[in-house]
């Protein structure tokens, strides 16, 4: 899918700040993050919506999201929790039609900064953020 930005990231023809990668899925920082550390997990194979995802792929996506969530908690981002979300279809506010899971770090009492993040959607130090999350990922990932 040449017009799919996530397929271009998989192919290496579009840039991404990679947090996680294996033979089946990839995780990279969202370019318009709600919070620093907001990561997207995608299948390497193009699937526009959840209907095309196998149970095995769903498990792989969720497992990567789980590892990234743990890294967001144990890294210098020090998340107190994470939101794990999938927007499936235009009516659900999906904007890139390549299935993806959002992993968003949350902190106690962050309602105002989270709401501001929905509008501002930027990370002042994405290179520092990706380094912090990578450093907290399990060895070998």
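Throughout, read-outs are computed from the coordinates displayed, never taken from laboratory work. Owing to the predicted nature of the structure, the values given are computational and were not obtained by experimental measurement. Quick reminder, even Gly has a Cβ in these numbers, built from the backbone with ideal geometry, and neighbours come from all protein chains shown.
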Seminar exercise, completed: If one builds a Gaussian network model of the chain from Cα atoms under 10 Å apart, the most fluctuating residue listed among 72, 61, 50 is 50
For this session: For the chain, with a Gaussian network of springs between Cα atoms less than 10 Å apart, report the residue from 21, 76, 55 with the top mean-square fluctuation.
Result: 55
Problem set entry | Relative contact order, percent, the chain [alpha-carbon distance under 8 Å, six or more residues apart] | 31
Exercise. Taking a quarter of the surface of the convex hull around the Cα atoms of the stretch 5-136, what do you get in nm²?
Worked result: 7.7
Exercise. Picking from 131, 71, 92, which is most flexible by a Gaussian network model of the chain using Cα springs under 10 Å?
Worked result: 92
Seminar exercise, completed: Extension length gain for residue 3 and residue 59 (0.36 nm per residue less Cα distance), in nm, is 17.5 nm
Problem set entry | Paramagnetic reach from residue 23 (point 7 Å along Cα→Cβ, amide N under 19 Å) across the stretch 31-54 | 42-46, 54
Exercise. Based solely on its DSSP helices, what 222 nm [θ] is calculated for the chain when runs of n ≥ 4 H residues each add -39,500 (n - 2.57) and the sum is averaged over all residues, nearest 500 deg cm²/dmol?
Worked result: -10500 deg cm²/dmol
Exercise. By how many nm would the segment from residue 110 to residue 84 grow when fully extended, if each residue of separation counts as 0.36 nm and the alpha-carbon distance is taken off?
Worked result: 7.7 nm
For this session: Round to the nearest 10 and give me the degree value, 0 to 90, for the angle of helix 55-74's Cα axis relative to the longest principal axis of the chain.
Result: 20
For this session: On a 0 to 90° scale, report how tilted helix 111-120 is relative to the longest principal axis of the chain, with both axes built from alpha carbons and the result rounded to the nearest 10.
Result: 50
Seminar exercise, completed: Residue separation between residue 131 and residue 66 times 0.36 nm, minus their alpha-carbon distance, gives in nm 21.6 nm
